[in-house]
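Undergrad: Dropping a structure here in C-alpha coordinates format, bear with me for questions.
The values are calculated or read from the model by the stated rules, or taken from the named source; none is laboratory data. Bear in mind that the values here come from a model prediction, so they are computed numbers and not experimental data. All Cβ positions, glycine included, derive from the backbone under ideal geometry; neighbour counts span all protein chains shown. Surface accessibility is based on the protein's heavy atoms, side chains included, excluding ligands, DNA and RNA. Shrake-Rupley method; radii C 1.70, N 1.55, O 1.52, S 1.80 Å.
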Amino acid sequence: MTNEDEVRERPGAGNLDVRWHAGWPSAKHDPAPEIQVHRYDGDTVILRQNKSVHYEAPFMFLLFGAERALLLDTGATEEERFFPLRSTVDGLVAEWLERHPQAPAGYGLLVAHTHGHGDHVAGDGQFAGRPGTTVVGREPAEVVEAFGLKDWPEGLGELDLGGRVLDLIPGPGHQAAGLVFHDRSTGLLFTGDSFYPGLLYVQDVAAFSATVDRLLAFCAANPVTHILGCHIEMTTTPGEEYPRGTTYQPDEPPLQLTVGQLHTLRAVLDAAEGRPGLHPSADFTVLIGG
(Lines give C-alpha, C1' and ligand atoms only; values in the text may rest on other atoms or scores of the structure.)
Protein backbone atom coordinates (compact mmCIF):
# COMPACT_ATOMS: atom_id res chain seq x y z
CA MET A 1 0.00 0.00 0.00
CA THR A 2 1.38 3.41 -0.95
CA ASN A 3 1.33 6.49 1.27
CA GLU A 4 -1.27 8.01 -1.06
CA ASP A 5 -3.54 4.99 -0.56
CA GLU A 6 -3.18 5.34 3.21
CA VAL A 7 -4.25 8.99 3.06
CA ARG A 8 -7.26 8.08 0.92
CA GLU A 9 -8.35 5.32 3.31
CA ARG A 10 -7.85 7.15 6.59
CA PRO A 11 -8.86 10.80 6.36
CA GLY A 12 -8.45 12.76 9.55
CA ALA A 13 -11.37 13.70 11.78
CA GLY A 14 -12.31 17.34 12.40
CA ASN A 15 -14.73 19.37 14.47
CA LEU A 16 -18.19 20.28 13.20
CA ASP A 17 -19.61 20.87 16.66
CA VAL A 18 -20.51 24.48 15.85
CA ARG A 19 -23.58 26.68 15.92
CA TRP A 20 -23.46 28.83 12.83
CA HIS A 21 -24.42 32.44 13.26
CA ALA A 22 -27.57 32.88 11.19
CA GLY A 23 -28.27 36.59 11.32
CA TRP A 24 -30.04 38.73 13.88
CA PRO A 25 -33.63 39.96 14.30
CA SER A 26 -32.38 43.48 13.62
CA ALA A 27 -29.68 43.27 10.96
CA LYS A 28 -28.47 46.83 11.63
CA HIS A 29 -27.61 45.93 15.22
CA ASP A 30 -26.16 42.44 14.82
CA PRO A 31 -23.40 42.11 17.46
CA ALA A 32 -21.63 39.27 15.63
CA PRO A 33 -18.66 39.86 13.31
CA GLU A 34 -19.10 40.08 9.54
CA ILE A 35 -17.39 36.69 9.14
CA GLN A 36 -17.72 33.71 11.46
CA VAL A 37 -14.50 31.70 11.73
CA HIS A 38 -14.58 28.02 12.70
CA ARG A 39 -11.44 25.87 12.86
CA TYR A 40 -12.37 22.44 11.61
CA ASP A 41 -8.84 21.28 12.38
CA GLY A 42 -5.40 22.86 12.57
CA ASP A 43 -5.13 23.12 8.78
CA THR A 44 -8.77 23.69 7.77
CA VAL A 45 -10.94 26.73 8.47
CA ILE A 46 -14.61 27.22 7.62
CA LEU A 47 -15.83 30.80 7.18
CA ARG A 48 -19.39 32.04 6.97
CA GLN A 49 -20.50 35.47 5.86
CA ASN A 50 -22.97 37.07 8.28
CA LYS A 51 -26.55 37.20 6.97
CA SER A 52 -26.75 40.72 8.36
CA VAL A 53 -24.12 41.66 5.75
CA HIS A 54 -25.69 39.69 2.89
CA TYR A 55 -28.71 37.42 3.04
CA GLU A 56 -26.98 34.70 0.99
CA ALA A 57 -24.56 34.08 3.92
CA PRO A 58 -22.25 31.88 1.85
CA PHE A 59 -19.67 29.60 3.38
CA MET A 60 -16.02 29.79 2.34
CA PHE A 61 -13.18 27.40 3.09
CA LEU A 62 -9.48 27.97 3.79
CA LEU A 63 -7.20 24.93 3.50
CA PHE A 64 -3.50 24.99 4.37
CA GLY A 65 -0.84 22.88 2.70
CA ALA A 66 2.89 22.89 3.28
CA GLU A 67 3.58 25.16 0.29
CA ARG A 68 0.43 27.25 -0.12
CA ALA A 69 -3.12 27.72 1.07
CA LEU A 70 -6.37 27.43 -0.87
CA LEU A 71 -9.31 29.79 -0.36
CA LEU A 72 -12.51 28.40 -1.83
CA ASP A 73 -14.89 31.25 -2.75
CA THR A 74 -14.81 34.90 -1.73
CA GLY A 75 -18.36 35.63 -0.62
CA ALA A 76 -21.17 37.91 -1.68
CA THR A 77 -19.85 41.40 -0.85
CA GLU A 78 -17.18 43.30 -2.75
CA GLU A 79 -15.94 46.00 -0.37
CA GLU A 80 -13.67 45.02 2.50
CA ARG A 81 -15.01 47.77 4.77
CA PHE A 82 -18.33 45.89 4.83
CA PHE A 83 -16.87 42.40 4.46
CA PRO A 84 -13.27 42.08 5.71
CA LEU A 85 -12.38 38.83 3.97
CA ARG A 86 -8.84 39.81 2.96
CA SER A 87 -7.85 40.89 6.48
CA THR A 88 -9.50 37.79 7.98
CA VAL A 89 -7.63 35.48 5.62
CA ASP A 90 -4.36 37.38 6.14
CA GLY A 91 -4.74 36.98 9.89
CA LEU A 92 -5.43 33.26 9.61
CA VAL A 93 -2.47 32.75 7.28
CA ALA A 94 -0.19 34.68 9.65
CA GLU A 95 -1.41 32.57 12.57
CA TRP A 96 -0.80 29.34 10.64
CA LEU A 97 2.69 30.45 9.57
CA GLU A 98 3.58 31.27 13.16
CA ARG A 99 2.77 27.68 14.06
CA HIS A 100 4.68 26.36 11.03
CA PRO A 101 8.01 28.22 10.90
CA GLN A 102 9.31 25.64 8.43
CA ALA A 103 6.92 26.94 5.74
CA PRO A 104 8.70 28.42 2.70
CA ALA A 105 9.30 32.14 2.36
CA GLY A 106 6.66 33.68 0.16
CA TYR A 107 4.04 31.12 1.25
CA GLY A 108 1.39 31.27 -1.47
CA LEU A 109 -2.37 31.62 -1.63
CA LEU A 110 -4.60 30.23 -4.37
CA VAL A 111 -8.09 31.72 -4.58
CA ALA A 112 -10.50 29.46 -6.46
CA HIS A 113 -14.26 28.99 -6.66
CA THR A 114 -16.85 26.28 -6.38
CA HIS A 115 -18.65 28.11 -9.22
CA GLY A 116 -18.91 31.53 -10.79
CA HIS A 117 -22.07 33.08 -9.34
CA GLY A 118 -21.76 36.54 -7.82
CA ASP A 119 -22.33 35.52 -4.22
CA HIS A 120 -19.21 33.34 -4.40
CA VAL A 121 -16.81 35.60 -6.31
CA ALA A 122 -17.67 39.14 -5.17
CA GLY A 123 -14.66 39.44 -2.87
CA ASP A 124 -12.09 38.44 -5.50
CA GLY A 125 -10.93 42.03 -5.90
CA GLN A 126 -9.80 42.17 -2.27
CA PHE A 127 -6.94 39.85 -3.22
CA ALA A 128 -5.75 41.82 -6.24
CA GLY A 129 -2.08 42.66 -5.79
CA ARG A 130 -1.65 40.43 -2.75
CA PRO A 131 1.90 39.00 -2.90
CA GLY A 132 2.17 35.33 -3.82
CA THR A 133 -1.52 35.12 -4.68
CA THR A 134 -3.26 33.64 -7.73
CA VAL A 135 -6.97 34.23 -8.29
CA VAL A 136 -8.56 31.72 -10.67
CA GLY A 137 -11.08 33.18 -13.11
CA ARG A 138 -14.76 32.39 -12.91
CA GLU A 139 -15.44 31.31 -16.51
CA PRO A 140 -15.35 27.61 -17.52
CA ALA A 141 -12.40 28.11 -19.88
CA GLU A 142 -10.41 29.81 -17.12
CA VAL A 143 -11.14 26.98 -14.68
CA VAL A 144 -10.17 24.36 -17.26
CA GLU A 145 -6.89 26.12 -18.02
CA ALA A 146 -5.99 26.82 -14.39
CA PHE A 147 -6.39 23.21 -13.31
CA GLY A 148 -5.52 21.37 -16.53
CA LEU A 149 -8.95 19.78 -16.85
CA LYS A 150 -8.54 18.95 -20.53
CA ASP A 151 -11.41 16.42 -20.64
CA TRP A 152 -14.00 18.78 -19.09
CA PRO A 153 -16.61 17.98 -17.94
CA GLU A 154 -15.32 14.42 -17.74
CA GLY A 155 -12.28 13.15 -15.91
CA LEU A 156 -10.68 14.29 -12.69
CA GLY A 157 -7.91 16.69 -11.79
CA GLU A 158 -5.56 17.08 -8.86
CA LEU A 159 -4.40 20.07 -6.87
CA ASP A 160 -1.37 19.72 -4.59
CA LEU A 161 -0.98 22.36 -1.88
CA GLY A 162 2.22 20.72 -0.65
CA GLY A 163 1.60 17.42 1.08
CA ARG A 164 -2.15 18.02 0.83
CA VAL A 165 -3.83 16.85 -2.36
CA LEU A 166 -7.34 17.67 -3.51
CA ASP A 167 -9.28 15.83 -6.19
CA LEU A 168 -11.06 18.09 -8.67
CA ILE A 169 -14.40 16.90 -10.04
CA PRO A 170 -16.14 18.87 -12.81
CA GLY A 171 -19.55 19.96 -11.53
CA PRO A 172 -21.57 21.98 -14.06
CA GLY A 173 -25.36 22.02 -14.04
CA HIS A 174 -26.07 24.62 -11.39
CA GLN A 175 -23.59 26.90 -13.13
CA ALA A 176 -21.32 26.22 -16.09
CA ALA A 177 -18.02 26.63 -14.19
CA GLY A 178 -19.00 24.44 -11.22
CA LEU A 179 -16.11 22.50 -9.71
CA VAL A 180 -16.23 20.11 -6.73
CA PHE A 181 -13.18 19.73 -4.49
CA HIS A 182 -12.37 16.62 -2.44
CA ASP A 183 -9.72 16.95 0.26
CA ARG A 184 -7.95 13.65 0.75
CA SER A 185 -6.56 14.58 4.16
CA THR A 186 -9.96 15.23 5.75
CA GLY A 187 -12.34 13.42 3.41
CA LEU A 188 -14.37 16.61 3.02
CA LEU A 189 -16.24 17.04 -0.27
CA PHE A 190 -16.89 20.69 -1.15
CA THR A 191 -19.89 20.83 -3.48
CA GLY A 192 -20.62 24.56 -3.70
CA ASP A 193 -24.23 25.16 -4.73
CA SER A 194 -24.61 21.77 -6.39
CA PHE A 195 -25.60 20.15 -3.08
CA TYR A 196 -26.40 21.77 0.25
CA PRO A 197 -29.36 21.94 2.68
CA GLY A 198 -31.46 24.39 0.70
CA LEU A 199 -32.97 25.19 -2.68
CA LEU A 200 -30.88 23.58 -5.43
CA TYR A 201 -31.22 25.61 -8.62
CA VAL A 202 -30.74 23.42 -11.69
CA GLN A 203 -29.95 25.44 -14.80
CA ASP A 204 -28.98 22.52 -17.05
CA VAL A 205 -30.76 19.28 -16.16
CA ALA A 206 -28.56 16.98 -18.23
CA ALA A 207 -25.34 18.53 -16.93
CA PHE A 208 -26.55 18.56 -13.32
CA SER A 209 -27.66 14.93 -13.53
CA ALA A 210 -24.27 13.95 -14.95
CA THR A 211 -22.56 15.83 -12.11
CA VAL A 212 -24.57 13.94 -9.50
CA ASP A 213 -23.66 10.63 -11.15
CA ARG A 214 -20.02 11.70 -11.27
CA LEU A 215 -20.09 12.53 -7.56
CA LEU A 216 -21.79 9.26 -6.63
CA ALA A 217 -19.18 7.28 -8.56
CA PHE A 218 -16.41 9.23 -6.85
CA CYS A 219 -17.91 8.68 -3.40
CA ALA A 220 -18.19 4.96 -4.07
CA ALA A 221 -14.44 4.78 -4.69
CA ASN A 222 -13.11 7.31 -2.17
CA PRO A 223 -13.64 8.07 1.54
CA VAL A 224 -15.97 11.03 2.11
CA THR A 225 -16.49 12.12 5.70
CA HIS A 226 -18.85 15.05 5.12
CA ILE A 227 -20.34 16.89 2.16
CA LEU A 228 -20.11 20.65 2.62
CA GLY A 229 -22.03 22.99 0.37
CA CYS A 230 -22.01 26.78 0.53
CA HIS A 231 -25.39 27.70 2.08
CA ILE A 232 -27.95 26.66 4.66
CA GLU A 233 -31.50 27.54 3.62
CA MET A 234 -33.61 24.81 5.22
CA THR A 235 -35.22 24.87 8.64
CA THR A 236 -35.06 21.91 11.02
CA THR A 237 -38.62 21.03 9.93
CA PRO A 238 -38.24 18.41 7.17
CA GLY A 239 -39.03 19.83 3.73
CA GLU A 240 -39.35 23.43 4.93
CA GLU A 241 -36.97 26.14 3.76
CA TYR A 242 -36.58 29.79 4.65
CA PRO A 243 -37.89 32.26 2.03
CA ARG A 244 -35.30 33.74 -0.31
CA GLY A 245 -33.89 36.95 1.13
CA THR A 246 -34.29 35.90 4.77
CA THR A 247 -31.69 37.60 6.98
CA TYR A 248 -32.45 35.77 10.23
CA GLN A 249 -32.57 31.96 10.37
CA PRO A 250 -32.64 30.88 14.02
CA ASP A 251 -33.76 27.33 13.26
CA GLU A 252 -31.12 26.00 10.88
CA PRO A 253 -30.02 22.36 10.38
CA PRO A 254 -26.29 21.52 10.19
CA LEU A 255 -24.32 22.44 7.09
CA GLN A 256 -22.94 18.95 6.50
CA LEU A 257 -24.72 16.38 4.38
CA THR A 258 -23.98 12.69 3.75
CA VAL A 259 -23.38 10.41 0.80
CA GLY A 260 -26.73 8.81 1.62
CA GLN A 261 -28.43 12.16 1.10
CA LEU A 262 -26.60 12.48 -2.22
CA HIS A 263 -28.25 9.21 -3.24
CA THR A 264 -31.57 10.82 -2.26
CA LEU A 265 -30.79 13.67 -4.64
CA ARG A 266 -30.33 11.14 -7.42
CA ALA A 267 -33.73 9.64 -6.58
CA VAL A 268 -35.41 13.09 -6.59
CA LEU A 269 -33.94 13.84 -10.01
CA ASP A 270 -35.14 10.47 -11.32
CA ALA A 271 -38.66 11.12 -10.06
CA ALA A 272 -38.66 14.65 -11.49
CA GLU A 273 -37.87 13.38 -15.00
CA GLY A 274 -36.67 16.85 -15.98
CA ARG A 275 -40.00 18.55 -15.30
CA PRO A 276 -39.64 22.26 -14.45
CA GLY A 277 -40.64 23.36 -10.99
CA LEU A 278 -40.04 22.43 -7.35
CA HIS A 279 -39.21 18.87 -6.33
CA PRO A 280 -38.94 18.71 -2.52
CA SER A 281 -37.35 16.26 -0.12
CA ALA A 282 -36.80 16.38 3.63
CA ASP A 283 -33.31 17.90 3.49
CA PHE A 284 -33.32 19.99 0.31
CA THR A 285 -35.53 21.06 -2.60
CA VAL A 286 -34.61 20.79 -6.26
CA LEU A 287 -35.77 23.64 -8.49
CA ILE A 288 -35.55 22.85 -12.20
CA GLY A 289 -35.62 25.79 -14.57
CA GLY A 290 -36.12 28.46 -11.90
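Undergrad: Starting from residues that are open to solvent by 80 Å² or more (accessible area, probe 1.4 Å) and over 24 Å from Gly42 (Cβ atoms), keep the ones in the stretch 146-170 and report whichever is modelled with the lowest pLDDT.
TA: Only one residue tops the list, namely Lys150.
Undergrad: How about the stretch 130-145: which of its residues are of a type in the set (S, T, N, Q) and open to solvent by less than 40 Å² (accessible area, probe 1.4 Å)?
TA: Thr133
Undergrad: Going by what's in this entry, would Ala141 be described as without any contact (Cβ under 8 Å) to a residue 60 or more places away in the chain and either more than 19 Å from Pro58 (Cα to Cα) or hydroxyl-bearing (Ser, Thr, Tyr) (or both)?
TA: Yes, satisfied.
Undergrad: Now for a different question. State which residue pairs qualify: first residue over 13 Å from Gln249 (Cα atoms) and free of Cβ contacts under 8 Å to residues at least 60 places away in the same chain and inside the stretch 223-237, second residue assigned to a loop (DSSP other than H, G, I, E, B) and of a type outside the set (Gly, Ala, Ser) in any location, beta carbons under 9 Å apart, and separation of 6 or more residues or different chains.
TA: Cβ pairs passing all conditions: Val224/Pro11; Val224/Thr258; Ile227/Phe195; Ile227/Tyr196; Ile227/Gln256; Ile227/Thr258.
Undergrad: On the given criteria, is Gly116 buried (at least 17 other Cβ atoms within 10 Å of the Cβ) and of a type outside the set (A, V, I, L, M)? Show your work before the answer.
TA: Details: buried (at least 17 other Cβ atoms within 10 Å of the Cβ): yes; of a type outside the set (A, V, I, L, M): yes.
Taking the combined requirement at face value, the residue satisfies it.
Undergrad: Let me ask something else about it. In this structure, does Leu71 turn out to be farther than 18 Å from His231 by Cβ and either β-branched (Val, Ile, Thr) or surrounded by 15 or more Cβ atoms within 10 Å (Cβ to Cβ) (or both)? Write out each step before concluding.
TA: Details: farther than 18 Å from His231 by Cβ: no; either β-branched (Val, Ile, Thr) or surrounded by 15 or more Cβ atoms within 10 Å (Cβ to Cβ) (or both): yes.
Answer is no for this residue.
Undergrad: Of everything in the stretch 234-251 that's in contact with a Pro (Cβ under 8 Å, 6 or more places away or on another chain) and in a loop (DSSP other than H, G, I, E, B), which residue is nearest to Glu56 (Cα to Cα)?
TA: Thr235
Undergrad: So which of Glu154, Glu145 ends up being of a type in the set (Asp, Glu), assigned to a loop (DSSP other than H, G, I, E, B) and more than 20 Å from Gly229 (Cβ to Cβ)?
TA: Of Glu154, Glu145, the one residue that is of a type in the set (Asp, Glu), assigned to a loop (DSSP other than H, G, I, E, B) and more than 20 Å from Gly229 (Cβ to Cβ) is Glu154.
Undergrad: Another question about this same structure. Can you tell which of Pro238, Pro276, Pro223 is open to solvent by 60 Å² or more (accessible area, probe 1.4 Å) and touching a Gly at 6+ places or on another chain (Cβ under 8 Å)?
TA: Pro276
Undergrad: Go through the residues of the stretch 254-262 one by one and say whether even a single one is touching a residue at least 12 places away in the same chain (Cβ under 8 Å), open to solvent by 20 Å² or more (accessible area, probe 1.4 Å) and within 20 Å of Gln175 (Cβ to Cβ).
TA: No, the conditions are met nowhere in the stretch 254-262.
Undergrad: Going by the conditions given, is Asp73 among the acidic types (Asp, Glu) and either farther than 24 Å from Asp193 by Cβ or in contact with a helix residue (DSSP H, G or I) (Cβ under 9 Å, 6 or more places away or on another chain) (or both)?
TA: So Asp73 fits the description; yes.
Undergrad: How many residues does the stretch 43-57 hold that are out of contact with any Leu (no Cβ under 9 Å at 6 or more places or on another chain) and open to solvent by less than 40 Å² (accessible area, probe 1.4 Å)?
TA: Count: 5.
Undergrad: Name the residues in the stretch 65-103 that are in contact (Cβ under 8 Å) with a residue 60 or more places away in the chain and either aromatic (Phe, Trp, Tyr) or part of a loop (DSSP other than H, G, I, E, B) (or both), would you?
TA: Across the stretch 65-103, the qualifying residues are Gly65, Ala66, Glu67, Asp73.
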